[in-house]
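For reference, the structure is listed below as structure tokens.
The values are calculated or read from the model by the stated rules, or taken from the named source; none is laboratory data. For clarity, every value in this text was computed on a predicted model and none was experimentally measured. Reconstructed Cβ throughout: ideal geometry from the backbone, glycine too, with neighbour counts over all protein chains shown.
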Amino acid sequence: MPIDSSFDEVYDQIFMPVYHFVRLRIPSGDVDDVTAEVIAKVWRALPRFEEKSSLKTWALRIAYHQVADYYRSQKLRPTVQLQENLAESKTENDHSEKVVTLLSVSQTLAKMPEPQVAVIQLRLVENFSAAETGKILGMTQKAVDSLLYRAKKSFRKIYALESAGGNSR
């Protein structure tokens with residue numbers, strides 16, 4: 001995207017990916033503020049954008065750092081929020097099992113290190129390639145693959161302990 005793009009063009013291209021990325025990492029009351037800060041940072045830094053990656057990938061890298069800054073300033077532990085709109089389900093079945101599963105997955109992710117959660121979100125939820133994920137997280141493609149392997153292994157271990165009623169920490 002050319003550096004002389006309008007704010008509206010930049011906003012339209014990056015808002016939804018940034019918002020979704022932030023929404024899974026920040027308490028819901030702060031999502032809009034953090035997202036706005038990321039977009040402002042992207043806009044201010046746009047003249048320095050070298051187009052070595054897509055604007056979306058570059059914006060998500062800024063978002064990744066902004067989330068880390070948020071938690072450093074708040075002195076909080078990162079949380080993961082999984083939201084599922086059960087009302088849109090086409091069946092009239094009892095959704096309690098689905099809710100329990102979502103809560104369990106959310107609790108498991110909350111116990112994992114932030115880089116592992118980020119790689120799971122980017123690779124498995126957002127479907128970014130390993131190369132794109134590496135650009136966002138500031139690591140090589142091989143490091144992303146290794147991190148994803150460790151994240152999956154960590155998830156399985158913590159989830160199994162949670163499901164068995166144990167505590168992983």
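The single residue among ALA36, ALA63, ALA45 that is closer than 18 Å to GLN121 by Cα and of a type in the set (Gly, Ala, Ser) turns out to be ALA63.
A quick yes/no check of all residues on (1) outside the structural domain of LYS135 (by TED's automatic domain parsing); (2) buried (at least 17 other Cβ atoms within 10 Å of the Cβ); (3) without any contact (Cβ under 8 Å) to a residue 12 or more places away in the chain; (4) over 13 Å from the mean Cα position of the chain (by Cα):
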site	(1), (2), (3), (4)
VAL18	yes, yes, no, no
ARG23	yes, no, no, no
ALA40	yes, no, yes, yes
LEU46	yes, yes, no, yes
SER53	yes, yes, no, yes
ARG72	yes, no, yes, yes
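Does segment 16-23 contain any residue that is assigned to a loop (DSSP other than H, G, I, E, B), among the β-branched types (Val, Ile, Thr) and within 16 Å of ALA68 (Cβ to Cβ)? No, segment 16-23 contains no residue that is assigned to a loop (DSSP other than H, G, I, E, B), among the β-branched types (Val, Ile, Thr) and within 16 Å of ALA68 (Cβ to Cβ). Give the residue that is farthest from TRP58 (Cα to Cα), with candidates limited to residues of segment 110-132 that are in a helix (DSSP H, G or I) and touching a Ser or Thr at 6+ places or on another chain (Cβ under 7 Å). Only one residue fits best here, namely ALA110.
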